[in-house]
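Asker: My questions all concern the structure below.
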Amino acid sequence: MTSAANPPVALVPNQGWDPRLLICRHDLAYAGFTLPMHVFIIVTERYVVLVDTLINASTAEALLDIARPHLAGRQLLVANTHADSDHAWGNQYFDGPHSPAPAPIIGTLRCAARLRSAAEQTALAELQAEQPAEYAGVRLVPPSILFDDALIIDGGDLTLEFFATPGHTPDHCSICIPEIGLLLAGDAAEQPLPFVGDDGLSDLRASLERLAALEPRAAFYCHAPLDAGPDLIRANLAYFDRIEARCRAALARGAPAQPVADADLEALVDLPFAAAIPPGAHVERGFYRPGHHAAIRAMLAHLGGAA
């Protein structure tokens, strides 16, 4: 059951998408912000596939409760788009024969490595200290069915094509369902702007190009409005193109490729956060603004190193 500290996972009413896709929302409390988070349930002839497990066993259980009416005659599968806390820290609910709902967990080799790493254990310990109500009982569990670049699941009526889309994190993957022209992009694209991981700038731009080349008829993301659609991918690409142009101009004016820690990055490249995000976007500026700064730093370093 979900607690007061974990707002319930809610099924979003279908707004015209294929009925075999169920979209669920969880309002994620993180670092003093509340961020909407979407996760997905795919119902095929053979399988019910949960895409991401949210933050702990409680939210994973709430997600499974939504999927439960569809399980008759179908096998439960679980998938992680990547190892971040809001995507894979509910895995323990499905781990092993003695868990409440045993199921194979699918993810990339790098996702499994991250969830076994000392760095991720440190991240868990920090969140357990900061938000014990949400994270005290979390045990990190890596996926058990692993792939490197691609994996295909034949669901009978639907084919789930998993493929690596690194950049946001090195272990990230997305899912395409060609029969219905559907793309589940995870965190490979976001609104108001994409988050680029450490040394992930080139990878993320390449992943976005790969997603755009699919030309999906419908696309959904973990952190974007449900009506964002495939156009969001091109918008994210355009965001990086704009940063590149501003950073090239700044470097030509003599700006450093590695600004000091307290540099006013927005002024340095003449791209304020308010001008970089979509007009009218209602976002947690304190959460996304550091992502804008990280993208500027990554682009300056990339261009400065290539010069």
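Asker: From Cα pairs below 8 angstrom and at least 6 apart in sequence, can you work out the relative contact order of the stretch 165-307, rounded to a whole percent?
Answerer: Details: 198 pairs, mean separation 35.2, N = 143.
Rounded, it is 25 percent for the stretch 165-307.
Asker: Size of the stretch 1-155 along its principal axes in angstrom, Cα-based, largest extent first?
Answerer: Answer, in whole Å and largest first: 43, 33, 29 Å.
Asker: Can you give the log10 of the normalised intensity I(q)/I(0) at q = 0.09, 0.16, 0.17 Å⁻¹, computed with Debye over equal Cα scatterers of the stretch 165-307?
Answerer: Computed log10 I(q)/I(0) values: -0.27, -0.81, -0.91.
Asker: To test your reading of the geometry: what angle, between 0 and 90 degrees and rounded to tens, separates the Cα axis of helix 201-213 from the longest principal axis of the chain?
Answerer: With both axes taken from Cα atoms, the answer is about 60 degrees.
Asker: At 222 nm, what helix-only mean residue ellipticity would the chain give, in deg cm²/dmol to the nearest 500, using -39500 (n - 2.57) for each DSSP H run of four or more? All intermediate terms of the calculation are to be shown ahead of the outcome.
Answerer: Details: 10 runs with 106 residues, N = 307.
Estimated from H runs of four or more residues: -10500 deg cm²/dmol.
Asker: Here's another thing I want to ask about it. Which distance in Å, rounded to a whole number, links the C-alpha centroids of the stretch 54-89 and the stretch 33-51?
Answerer: Going from one Cα centre to the other spans 7 Å.
Asker: Taking the Cα atoms only, what angle lies between the long axis of helix 285-306 and the longest principal axis of the chain, rounded to 10 degrees?
Answerer: 60
Asker: Fewest Cβ neighbours within 10 Å first, please rank I233, I153 accordingly.
Answerer: On the way: I233 27, I153 20.
Going from sparsest to densest Cβ surroundings: I153, I233.
Asker: For the chain, what is the percent of antiparallel DSSP beta bridges, rounded to the nearest 5? Each step should come with its number before you reach the end.
Answerer: On the way: 28 of 41 bridges.
Bridges in the chain that DSSP calls antiparallel: roughly 70 percent.
Asker: Let me ask something else about it. Give the span of the stretch 116-234's Cα atoms along each principal axis, as three whole-Å numbers ordered largest to smallest.
Answerer: Extents along the principal axes: 43, 34, 27 Å.
Asker: At a temperature of 20 °C and a viscosity of 1.002 mPa s, determine how fast the chain diffuses translationally according to Stokes-Einstein, using the Kirkwood radius over alpha-carbon pairs as Rh; express D in µm²/s, rounded to the nearest whole number.
Answerer: Numbers: Rh = 20.0 Å.
Approximately 107 µm²/s, per Stokes-Einstein.
Asker: Contact order normalised by length for the chain, with contacts defined as Cα pairs under 8 Å and 6 or more residues apart; what percent is it? Write down the numbers at each step before the final one.
Answerer: On the way: 581 pairs, mean separation 37.1, N = 307.
Answer for the chain is 12 percent.
Asker: If you find the alpha carbon centre of the stretch 8-28 and of the stretch 126-169, how far apart are they in angstrom?
Answerer: 19
Bear in mind these aren't lab numbers, they're just calculated from the coordinates by the rules spelled out. Bear in mind that the values here come from a model prediction, so they are computed numbers and not experimental data. With ideal geometry, Cβ positions are generated from the backbone for all residues, glycine too; neighbour counts draw on all protein chains shown.
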